[in-house]
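As structure tokens, the structure follows; a few thoughts come after it.
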Amino acid sequence: MKKDILIIFCVVLVLAVLIMGTDFQSVDEYYLMHLEDITPNSETVTLSIRCDSVLTHMDKLDASLHDYIPSDGVILQPTQYVLRPGDTAFDVLHRAVRSRKIQFEYQGADQNLLGSVYVQGINYLYEFSCGPDSGWIYLVNGEFPSRGCADYALQDGDTVEWIYSCENTQYPQGGDGT
């Protein structure tokens, strides 16, 4: 009887040590923690998020949003991320804002007439937050893509810039970038 109790106690003790010493993570948590584990063989992209145009249009911005505007207009400095097979401009943005805990809201391709994912808001800045022509756009390698962010497949070395524009005239006609 004493042997049985001793064996049960040892098994419980070993299990307790294993459980307490193990860091359980979901697949999402694991990949979000390892976003920046870049090796010399990794394919990468650089991503940045800016809202510096708001700084010259603060009079158009609702006063309740002033606290969300960084003093230099940079929400995310240019940061390298590992490029996974099939990654789009939206995929990398989505991983970046989740890992950095930046507020983010989007509309799925099945929920709008554009037929592509539409970025509604980043860091509490939404379409029309800074006037009737304001909203989020994106550039890849300094150029305005002709398709939605979820349809733009990235390549190794690409630079993706998400920019909050207060005036649609800053960028090519007719595009919202998302």
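The values are calculated or read from the model by the stated rules, or taken from the named source; none is laboratory data. Please read all numbers here as calculations on a predicted model, not as lab measurements. Each accessible area value is taken on the protein alone, full model and side chains, heavy atoms only, with ligands, DNA and RNA left out. Shrake-Rupley method; radii C 1.70, N 1.55, O 1.52, S 1.80 Å.
Show the residues, 5+ positions off or on another chain, whose built amide H is closer than 5 Å to the amide H of ILE75.
Amide H to amide H, under 5 Å and 5 or more residues apart or across chains, ILE75 pairs with ILE49, ARG50, CYS51.
Ordering MET20, MET58 by accessible area with a probe of 1.4 Å, largest first, what comes out?
Ranking MET20, MET58 by accessible area, largest first, yields MET20, MET58.
For LYS101, go through the lysines and keep the ones whose alpha-carbon is under 28 Å away, minus same-chain ones fewer than eight residues off.
LYS60
Using the Cα gyration tensor of region 46-143, with a ≥ b ≥ c the square roots of its eigenvalues, what is the shape: rounded (a/c below 1.5), prolate (a/b larger than b/c) or oblate (neither)?
oblate
Counting only heavy atoms of protein chains, what accessible area per residue, in Å², does region 50-129 have with a probe of 1.4 Å?
About 53 Å² of surface per residue is accessible.
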